[in-house]
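Please treat every number below as a calculation from the coordinates, not as lab data. No experiment lies behind these values; they were computed from the predicted model shown. With ideal geometry, Cβ positions are generated from the backbone for all residues, glycine too; neighbour counts draw on all protein chains shown.
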Amino acid sequence: SESARATLGAAGAAPSGTGGRYALTSPFAGTVVARNATIGRSAVPGEVLFEVADLSTLWAWLEVPEAEAGAVRPGQKVILFFEGQRGPPREATLSRVASSVDPRTRTVRVRVELPNPDGSLKAGVFLRARIQVSDEKEVLLVPQVAVQRADGKSLVFVKTGAGLFEPTQVELGDVFSDSVEVVKGLASGAEVVTTGAFLLKTEVLKDSIGAGCCEEGGG
């Protein structure tokens, strides 16, 4: 009927010929993320046939503990670490902070807007986040392969001379994709062994020096 045609036209459907066929056009460019329609099945008024989403920018929802939520503000930089996905962490901006605390989890929900122009990030993945709530500070990073474990302690081998290396106990902080933060025990600018660090540890343990050789560095 003309009324039905008018309703379809208002919804964005364009007639593509006779026989009751209509072309449904999305009101914006995006990706079909759900399809409920099948060929040959009738549709009823109000039924959702397709769901389209613009994935060029994703929203990441984070749960911030109540005790730490007071320091969180829109506009702060956020570093996102994606579970099960390779590649470096992503930087994004915190865009919204909820005005109330969830009574069940005692957390505050915040939203981060994450550009995704190449579509490499998938909706629904789990992630960890680090929100920068204060001014930036320099951190000391070493490759993860440089850190060895001995007797429950973390250590790196510091070059002290030509062919000489000293095992030094360190305290670690945040872990990134291929590096780790050293918060104590290693001076800035020190040269550490990466390739062959495991073999050096093996030799140290073989000589029964163990963790006793691993002097705690300054800092």
Low-density loop chymotrypsin sites (Phe, Trp or Tyr not before Pro), segment 70-127, at most 10 other Cβ within 10 Å, DSSP non-H/G/I/E/B, are Phe126
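Which whole-number percent gives the relative contact order of segment 77-182, counting Cα pairs below 8 Å spaced six or more residues apart? Write down the numbers at each step before the final one.
Numbers: 149 pairs, mean separation 25.2, N = 106.
It comes to 24 percent, rounded to a whole number.
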Can you list the HN-Hα couplings for segment 127-134, worked out from phi with the Karplus curve (6.51, -1.76, 1.60; θ = phi - 60°), rounded to whole Hz and with x for Gly and Pro?
8, 10, 9, 10, 9, 7, 9, 9
What's the long-distance tail for segment 57-131, i.e. % of Cα pairs beyond 20 Å?
29
